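Data first, discussion second: the structure below is written as structure tokens.
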Amino acid sequence: MTWDIENLDIDHAAIGGEGIIVEIDESKFGKRKFNRGHRVEGVWVVGGVERTPERLMFAVSVQDRSAETLRAIIQRHVLPGTIVRTDLWRGYRALDDFGMEHQTVNHTDHFVDPVTGVHTNTIEGTWNGMKMNTRRQHYNREFIDGALMEFIWRRRYAGDLWNRLLHAMRHVMYADDENVDPNIML
């Protein structure tokens with residue numbers, strides 16, 4: 001089942017557009033074994049955030065960070081004409097093929113390109129906020145998608161959570177229940 005961002009779901013929400021900057025990055029939501037050492041468990045998430053006052057965003061859990069996977073997600077969630085900013089991870093190559101201007105920053109040398117001013121600090125800060133607001137028990141395939149959806153929804157409707165929740169609940173359909181006509185909205 002898919003939803004739209006208006007009614008709790010973010011699966012088909014596209015961001016960006018002509019001349020809008022979208023920063024894209026990937027992050028691992030993982031746990032440290034015994035709370036120390038290198039991360040051993042977790043889920044990779046690819047996300048993007050607009051550099052607009054609304055800070056619209058998407059976040060998707062992925063099995064891998066291959067170029068094919070990243071390009072498919074970006075093509076689905078970022079509108080043509082967008083200025084896409086990424087690091088130099090090889091999976092982001094050839095984004096120009098999708099009608100997007102691709103700008104990069106080399107994190108080996110600096111976090112803000114001294115010549116162009118390109119950075120991915122907005123999405124990096126967003127990862128920090130997401131991780132602070134996601135319970136560590138949800139850093140697995142079973143729960144991560146719901147946690148991502150909740151973060152994005154709360155961010156989008158921060159000033160009106162209660163009314164937006166009531167609005168969304170009025171539009172939920174229970175098509176899996178055999179006794180309920182799926183064409184009837186609650």
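Exactly one residue out of Thr52, Thr122, Thr69, Thr126 is β-branched (Val, Ile, Thr) and assigned to a loop (DSSP other than H, G, I, E, B), and it is Thr52. Scanning region 72-104 for residues that are assigned to a loop (DSSP other than H, G, I, E, B), in contact with a strand residue (DSSP E or B) (Cβ under 6 Å, 6 or more places away or on another chain) and under 27 Å from Arg156 (Cβ atoms) gives Thr82, Met100. Looking at Ala168, is it modelled with pLDDT under 85, over 24 Å from Trp44 (Cα atoms) and over 15 Å from the mean Cα position of the chain (by Cα)? So Ala168 fits the description; yes. Among the residues in region 24-31, are any modelled with pLDDT of 90 or more, buried (at least 16 other Cβ atoms within 10 Å of the Cβ) and either of a type in the set (Val, Ile, Thr) or farther than 27 Å from Ala158 by Cβ (or both)? There is at least one residue in region 24-31 that is modelled with pLDDT of 90 or more, buried (at least 16 other Cβ atoms within 10 Å of the Cβ) and either of a type in the set (Val, Ile, Thr) or farther than 27 Å from Ala158 by Cβ (or both). Every condition in (1) outside any helix (DSSP H, G or I); (2) within 20 Å of Glu50 (Cβ to Cβ); (3) of a type in the set (Lys, Arg) is met by Arg154 except one, and the failing one is (1). Going residue by residue through region 103-120, is there one that turns out to be in contact (Cβ under 8 Å) with a residue 24 or more places away in the chain, closer than 15 Å to Ser27 by Cβ and either exposed (fewer than 12 other Cβ atoms within 10 Å of the Cβ) or within 13 Å of the chain's Cα centre (by Cα) (or both)? No - not one qualifying residue is present in region 103-120.
The values are calculated or read from the model by the stated rules, or taken from the named source; none is laboratory data. As the structure is a computational prediction, the values presented were derived from the model and not from experiment. No Cβ is skipped: glycine too gets one built from the backbone with ideal geometry, and neighbour counts run over all protein chains shown.
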